[in-house]
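The values are calculated or read from the model by the stated rules, or taken from the named source; none is laboratory data. What you see is a predicted model; the values in this text were computed from it and never measured. Note that we place each Cβ from the backbone using ideal geometry, even for glycine, and neighbour counts take in every protein chain shown. With ligands, DNA and RNA removed, areas are computed over all heavy atoms of the protein, side chains included. Shrake-Rupley method; radii C 1.70, N 1.55, O 1.52, S 1.80 Å.
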Amino acid sequence: MEKLTLESKNLSIYCQPTEAKVSRFFGKPNYGAVQRVRKESDTVMWHNSIAYHELIAYISRTSTAIQGLRQSNQGDEYPISPTMQRLCNIFDRLIQLPTLQHVPEPGSASNDKPDQYSDVKRPSTVESYRNWSRLMLRGIFSIVEQAVPPKMCEYVGELGQYLAGSFGNQTRLEYGTGHELSFLFFLCALFRSKVLMPSDEPAAALMLFNRYLNCVRRLQKQFSLQPAGFQGAYSLDDYQFVSYLWGAAQLCYDAPFRPNQLLDTKVLAQWRKHYLLAGCVAFVAETKQGTFVTHSCQLWSILTLSTWTQVYHGLHNMYLKEVICQFHMLRHVYFGQLMSFDPAPPASQLVRPQLGFLSQQRQDYKKKRLEEEKLKGVGVEVVVEQEQDQDPEHSKYCSRKVSRIALSRELTSSNISNTSICLRYLGKKRCKHSEHRQKTTNSP
């Protein structure tokens, strides 16, 4: 034992700076993300933790950033980075797993609506969901490693653990807001580890989170997952909550419909692919029988408010007081280095969203897009090379005509050489044609 300690001291003395960093990294006791809420009194520590403050700040920042944005306007209203595209491909690979490739179509005989109060499961359904979970756990860390930049590989273990815990419980065959919270930890950890930048916040909610929703909805429908902590008609939704919160934030600026119009079937059919809230309400209408007053009275009562800002504040307060403060959900949540359970600084306060107007980040991006469109709208001024003995007035006439022809025929290309050759040919042809016309007019 003494010999090992002496060797470690000699190693720390004689190793180079880069090797010293490697030795210090492996010398840290890193056990990964662990469960920290073990008794009800630990919920007080949760409200004072760094993870709690970072989570609320991330939800509020995203709510501010996605106001007035639609999911269908990808790239036009918000930027999409290559890292974001690789992260979105994670769910494409998870859907391609054998047990999720063939999902029954809505309305088919094999797609019966699950009975929420029955504990009896078909053996094939139970076994197929557990097989999918085993395949997901076997490859999730390698998939995350391929999605994040190579410099961020030290966070793959924690990110993969958060993502793996967001697809339901394979033992009890249930899914709920606790698994959604695990995915929010995954999103927040991506920003805290600098894998994603602040400019990626709109795409993280409208693209990455939307891909996650589509994936878990397929799991719920195909494997008949039961809602975790089901509260009957007094609950907002059996499975999700943050999708309603961010969906209301989208509509806080330039909304195409009022809250009391959301339950209309025509409105849902028109806007379900553009807004998160419309997609959630449409999914509830497809998977439940009866009216919203009977099976979702809480959702029905919230939509009677006059403005979307009031709807958002009501959902935000409900999320803080009734969802993420429950002990039976927090005891299954994992905390690591990025989402730490350590106490936050004493002066830290919860970040509130700024609703009703565009964020500064969105305004800057719109100005940038307008400047790019103006530059594209001006067109490309092409000057055709003329021979030295050509008349200057005639060359101006030819270049002006060729420019109009090029713009009308959309001959602008990224390959400058090809464009110049094509325009030079058209310019010579135009000049010869004009000379021929002048000769014919001048001849008696």
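The table below lists the values:
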| read-out | value |
| --- | --- |
| All positions within region 325-349 that are assigned to a helix (DSSP H, G or I) and open to solvent by 20 Å² or more (accessible area, probe 1.4 Å) | 327, 328 |
| Unmet requirement for residue 335, which otherwise passes all of (1) more than 20 Å from residue 186 (Cα to Cα); (2) among the aromatic types (Phe, Trp, Tyr); (3) within 23 Å of the chain's Cα centre (by Cα) | (1) |
| Residue list for region 80-102, filter: within 30 Å of residue 257 (Cβ to Cβ) and either at pLDDT 95 or above or open to solvent by less than 40 Å² (accessible area, probe 1.4 Å) (or both) | 84, 88, 91 |
| Residue tally, condition open to solvent by less than 70 Å² (accessible area, probe 1.4 Å) and under 16 Å from residue 357 (Cα atoms), over region 312-324 | 1 |
| Where a residue in region 315-333 is at pLDDT 90 or above and its partner, wherever it lies, is in a loop (DSSP other than H, G, I, E, B) and among the acidic types (Asp, Glu), with Cβ under 7 Å and at least six apart | 327/40 |
| Cross-chain or 6+ apart pairs with Cβ under 8 Å, region 353-369 first and closer than 18 Å to residue 251 by Cα and of a type in the set (A, V, I, L, M), then assigned to a helix (DSSP H, G or I) and open to solvent by less than 80 Å² (accessible area, probe 1.4 Å) | 355/63; 355/64; 355/249; 355/309; 355/312 |
| Residue check for residue 261: surrounded by fewer than 21 Cβ atoms within 10 Å (Cβ to Cβ), farther than 30 Å from residue 158 by Cα and modelled with pLDDT of 90 or more | yes |
| Residue in region 166-173 that is open to solvent by less than 10 Å² (accessible area, probe 1.4 Å) and under 17 Å from residue 209 (Cβ atoms) present | yes |
| Number of positions in region 229-285 that are in a helix (DSSP H, G or I), over 30 Å from residue 173 (Cβ atoms) and hydrophobic (A, V, I, L, M, F, W, C) | 5 |
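Okay, residues lined up against (1) under 24 Å from residue 358 (Cα atoms); (2) crowded, with 21+ Cβ neighbours inside 10 Å; (3) polar (S, T, N, Q):
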{"site": "198", "(1), (2), (3)": "yes, no, no"}
{"site": "202", "(1), (2), (3)": "yes, yes, no"}
{"site": "229", "(1), (2), (3)": "no, no, no"}
{"site": "253", "(1), (2), (3)": "yes, no, no"}
{"site": "257", "(1), (2), (3)": "yes, no, no"}
{"site": "271", "(1), (2), (3)": "yes, yes, no"}
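Here's the yes/no breakdown for (1) closer than 20 Å to residue 183 by Cα; (2) open to solvent by 60 Å² or more (accessible area, probe 1.4 Å); (3) at pLDDT 90 or above; (4) not in a helix (DSSP H, G or I):
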residue	(1), (2), (3), (4)
9	no, yes, no, no
20	no, no, no, no
23	no, no, no, no
61	yes, yes, yes, no
